[in-house]
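Working notes, beginning with the structure itself.
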Amino acid sequence: MGRLGPTELIVIVIVILLFFGGKKIPELMKGLGSGVNEFKKASKGEDDAVANSKKEEEEAKK
């Protein structure tokens, strides 16, 4: 199974347009964008929580 070429990508885009229609695409992209933003916020929150717990452990050892 090789990589997708430009022809395959064009066919995929056409099928998506036929399936969802031109009016639904912006709504789908908006939803996808907000989902990505929420994921970034959640992963940043996890990173902050891990960093805070490490700081607390280091302070407890002192």
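The values are calculated or read from the model by the stated rules, or taken from the named source; none is laboratory data. Because the structure is a prediction, the values reported are computed rather than measured. All Cβ positions, even for glycine, are placed from backbone atoms using ideal geometry, and neighbour counts span all protein chains on display. Just the protein is used for accessible areas: all its heavy atoms, side chains included, with ligands, DNA and RNA removed. Shrake-Rupley method; radii C 1.70, N 1.55, O 1.52, S 1.80 Å.
Some points to look at:
- By the Stokes-Einstein formula, at 0.692 mPa s and 37 °C, the chain with its Kirkwood radius over alpha-carbon pairs has D equal to 210 µm²/s.
- Pairwise FRET efficiency - residue 56 versus residue 4, Cβ, R0 = 30 Å, nearest 0.05: 0.05
- In straight-distance terms, cross-link reach from residue 61 covers every one of the lysines whose alpha-carbon lies under 28 Å from its own, apart from those fewer than eight places away in the same chain; here that gives 44.
- Accessible surface computed residue by residue for the chain, with neighbouring protein chains in place and a 1.4 Å probe, gives 97 Å² per residue.
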